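**Student:** Quick one: structure below, then a few questions.
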Amino acid sequence: MPAVFLKDRSLLFVSGAEAQSFLQNLITTDISSLGPDEARPGALLTPQGKILFDFMIWQDGDGYMIETDAGQRDSLLKRLTMYKLRAAITLAPSTEEGVTVCWGEDAEGVRDSQGVRDSRFAKAGLTLTRRAGRHGDGKEALYDALRISHGIVSSGSDFALQDAFPHDVLMDFNGGLSFRKGCYVGQEVVSRMQHRGTARRRVVTVSAATALPGTGTEITAAGKPVGTLGSVEGGTGLAIVRIDRAGAAMAAGTPLLAGETPVSLTLPAWSGLVFPASADEASA
């Protein structure tokens, strides 16, 4: 498979004697257990538990590399600097621009110098590596199609920052959300959602016999909103939906529509989630 350069990704480097403790007490990811060749998703949350910034993070020498959308980088750097206070860390943009991803045969047997394995795709049974800088010329549409088929969301395309909880985008299953490491910003809210089982919005794959309508199209059942289309590639897309409403509609045989297009919804197999068939089951 080709190596794809993602030009709209940017990098920040966090280093220093207190880099691990600084990040561990701030972001959702448990970086104390992060492997040397592993990249995990993560987020910096609002105090209300919603995703303020999302990113991938991995070890890089004696520090940590944070990969985020290019449009987020400067704001994320500013926010991290605000939290820095007297911590013995250094925050700096990386000199590398963009990120290259490769998967399949090209990613097997990868060494540290050639990239780090993306834990989100590993959960879905695929080896995909990420590497700073440009190291390939594959079309970005190939990567988008791959992540859509594996239920991997992207902020901006699939959800708006400050509008989604980590559970909504399956961070409780893909390695990006820790419930054991102690306090971090927004931790009380996401822990409450976990222990009470109140997460109802989840990522699904949307399929249609014809081309799907565009990103932002509402998904409905009997005229009532269920969710909203995110990334779309032909007749397949991603959406964040209320799985209790979608499950009840499917159990009752009520058609699901994206705009006027009939669709079917499936939860990513790697999540282990199932659609509740009724409101009673959803609250069980």
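**Student:** What nm value, rounded to one decimal, do you get for the distance between Ala251 and Asp62 when each label is placed 7 Å out toward the C-beta?
**Tutor:** It works out to 5.8 nm between the two label points.
**Student:** From the Cα gyration tensor of region 95-247, with a ≥ b ≥ c the square roots of its eigenvalues, which class applies: rounded if a/c is under 1.5, or else prolate if a/b is larger than b/c, or else oblate?
**Tutor:** In terms of gyration-tensor shape, oblate.
**Student:** Once the whole set of protein chains is in place, how much accessible area is left on Tyr64, using a 1.4 Å probe, in Å² to the nearest 10?
**Tutor:** Rounded to the nearest 10, that gives 20 Å².
**Student:** May I pose another question? For a paramagnetic label modelled at 7 Å from the Cα of Arg134 toward its Cβ, which residues of region 1-27 fall within the zone defined by backbone nitrogen distances under 17 Å?
**Tutor:** 3-11
**Student:** I've got another one for you. Please list, in order along region 221-233, the HN-Hα scalar couplings obtained from phi with the Karplus expression 6.51 cos²θ - 1.76 cosθ + 1.60 (θ = phi - 60°), rounded to whole Hz, x for Gly and Pro.
**Tutor:** Each residue's phi maps through the Karplus curve to give 9, 6, x, 9, x, 10, x, 9, 5, x, 4, 9, 9 Hz.
**Student:** Which whole-angstrom value gives the distance between the alpha carbon centres of region 1-45 and region 172-218?
**Tutor:** Cα centroid to Cα centroid, the span is 19 Å.
**Student:** While we're looking at this one, here's another question. Ignoring ligands, DNA and RNA, please state the percent of accessible area on the chain from carbon and sulfur, probe 1.4 Å.
**Tutor:** 49 percent
**Student:** Can I ask one more? Could you order Thr261, Thr215 so the one with the most accessible surface comes first? Probe is 1.4 Å.
**Tutor:** If we order Thr261, Thr215 from most to least accessible, we get Thr215, Thr261.
**Student:** Working only with C-alpha atoms, what are the Rg and Dmax values of region 204-260, expressed in angstrom?
**Tutor:** Looking at region 204-260, its Cα Rg and Dmax stand at 10.3, 29 Å.
**Student:** Give the accessible surface of region 87-242 per residue, rounded to a whole number of Å², with probe radius 1.4 Å and ligands, DNA and RNA excluded.
**Tutor:** 45 Å²
**Student:** Let me ask something additional. Taking Cα pairs under 8 Å and at least six residues apart, what relative contact order does the chain come out at, in percent?
**Tutor:** For the chain, the relative contact order is 20 percent.
**Student:** Okay, next question. Please state the charge dipole magnitude for region 172-229, taken about the Cα centre, from unit charges on C-beta atoms (+1 on K and R, -1 on D and E), reported in debye and rounded to the nearest 20.
**Tutor:** For this selection, approximately 240 debye.
**Student:** According to the Kirkwood expression over distinct Cα-Cα pairs, how big is the hydrodynamic radius of region 1-57, in Å?
**Tutor:** Roughly 13.1 Å, rounded to one decimal.
**Student:** How large is log10 I(q)/I(0) at q = 0.10 Å⁻¹ when the Debye formula is applied to the Cα atoms of the chain, each weighted equally and without solvent?
**Tutor:** The Cα Debye sum returns log10 ratios of -0.53.
**Student:** For the chain, find the longest principal axis of its Cα atoms and tell me its angle to the long axis of helix 243-252, 0 to 90°, nearest 10.
**Tutor:** Roughly 30 degrees between the two axes.
**Student:** Counting Lys and Arg as +1 and Asp and Glu as -1, each charge on the Cβ, what is the dipole of region 14-114 about the Cα centre in debye, to the nearest 20?
**Tutor:** I would put it at about 780 debye.
**Student:** From largest accessible area down, sort His135, His167, His150, His195; use a 1.4 Å probe on the protein chains.
**Tutor:** His195, His135, His150, His167
**Student:** Could I ask something else about it? Return the single residue from Lys224, Lys181, Lys123 with maximal mean-square fluctuation; model: Gaussian network over the chain, springs between Cα atoms under 10 Å.
**Tutor:** Most flexible of the set in this elastic network: Lys224.
**Student:** Describe numerically, in nm with one decimal, the distance between label points set 7 Å from Cα along Cα→Cβ at His195 and at Ser21.
**Tutor:** Simple spin-label model gives 2.6 nm for this pair.
**Student:** With charges only on Cβ, +1 for K and R and -1 for D and E, what is the dipole size of the chain about its Cα centre, in debye, rounded to 20?
**Tutor:** The dipole magnitude comes to about 720 debye.
**Student:** Towards the positive end of the charge dipole of the chain, with charges on Cβ (+1 Lys, Arg; -1 Asp, Glu), say which of Leu26, Val204, Ser75 has the farthest Cα.
**Tutor:** The listed residue farthest towards the positive side: Leu26.
**Student:** Tell me the relative contact order for region 116-189 as a rounded percent, counting alpha carbon contacts under 8 Å between residues six or more apart.
**Tutor:** 26 percent.
**Student:** Based on the Cβ-Cβ distance from Val274 to Ser94, what FRET efficiency comes out when R0 is 30 Å, to the nearest 0.05?
**Tutor:** Rounded to the nearest 0.05, the efficiency is 0.15.
**Student:** Moving to a separate point now. If each of Arg180 and Thr46 carries a label point 7 Å out from its Cα toward its Cβ, how far apart are those two points in nm?
**Tutor:** Calculated label separation equals 3.1 nm.
The values are calculated or read from the model by the stated rules, or taken from the named source; none is laboratory data. Please read all numbers here as calculations on a predicted model, not as lab measurements. Here Cβ is always computed from backbone atoms with ideal geometry, including for glycine, and neighbour counts include all displayed protein chains. For the accessible areas, the whole protein counts, side chains as well, though only heavy atoms, and no ligand, DNA or RNA atoms are used. Shrake-Rupley method; radii C 1.70, N 1.55, O 1.52, S 1.80 Å.
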